[in-house]
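Quick notes on the structure that follows.
The values are calculated or read from the model by the stated rules, or taken from the named source; none is laboratory data. Keep in mind that this is a model prediction, so the values were computed, not measured. Cβ atoms come from the backbone with ideal geometry, glycine included; neighbour counts cover every protein chain shown. These area figures cover heavy atoms from the full protein model, side chains too; ligands, DNA and RNA do not enter into them. Shrake-Rupley method; radii C 1.70, N 1.55, O 1.52, S 1.80 Å.
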Amino acid sequence: MGWTYLCIAGVFEVAWVIGLRYTAGFSKLLPSAFTALTMGVSIYFLSQAVKTLPVGTAYAVWTGIGAVGAVIFGMILFAESRDALRLACIGLIIAGIIGLRLVSNNG
């Protein structure tokens, strides 16, 4: 279950990071409430994941999912760069996430 919780935490990590863009410095109520809620949900599921997964692995994967998701949604929603080198670097993060999962003996 640890990896499932970690994936859920990662999805909510992406949601709050993207939501942050819409808060205008937490001056808009609904986007700010959405962002705060998704932050809490993300942390909750991360806390559940670290019950069975090593904290270093869980944190690295959680932030990796958040980084990859933020970049992908940034390209889709905010017309951020799709430069080949940038995409290659994101590929390295994905490879790291997969590698951590493959070498994990937990969950």
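Here are a few things to note about the model shown:
- Of all residues making up segment 12-50, the number that are surrounded by fewer than 16 Cβ atoms within 10 Å (Cβ to Cβ) and of a type in the set (A, V, I, L, M, F, W, C): 8
- Within segment 2-11, considering residues that are in contact with a helix residue (DSSP H, G or I) (Cβ under 8 Å, 6 or more places away or on another chain) and open to solvent by 50 Å² or more (accessible area, probe 1.4 Å), the one nearest to Arg101 (Cα to Cα): Cys7
- The residue list Ile72, Ile93, Ile76 contains one member that is of a type outside the set (Asp, Glu), out of contact with any helix residue (DSSP H, G or I) (no Cβ under 9 Å at 6 or more places or on another chain) and part of a helix (DSSP H, G or I), which is Ile76.
- Contacts under 7 angstrom Cβ, first residue in segment 84-107 being open to solvent by less than 80 Å² (accessible area, probe 1.4 Å), partner of a type in the set (S, T, N, Q), 6 or more apart: Leu100/Thr57; Ser104/Thr57; Asn106/Thr52; Gly107/Thr52
- Taken as a whole, the structure leaves Ser81 outside the set of residues that are assigned to a helix (DSSP H, G or I) and exposed (fewer than 13 other Cβ atoms within 10 Å of the Cβ).
For every residue, the table says whether it meets (1) out of contact with any Gly (no Cβ under 9 Å at 6 or more places or on another chain); (2) under 18 Å from Trp62 (Cβ atoms).
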site	(1), (2)
Gly2	no, yes
Phe12	no, yes
Arg21	no, no
Ala24	yes, no
Leu30	yes, no
Thr35	no, yes
Met39	no, yes
Ile43	yes, yes
Gln48	no, yes
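- For segment 56-63, the condition of being without any contact (Cβ under 8 Å) to a residue 24 or more places away in the chain and surrounded by 17 or more Cβ atoms within 10 Å (Cβ to Cβ) holds for none of the residues.
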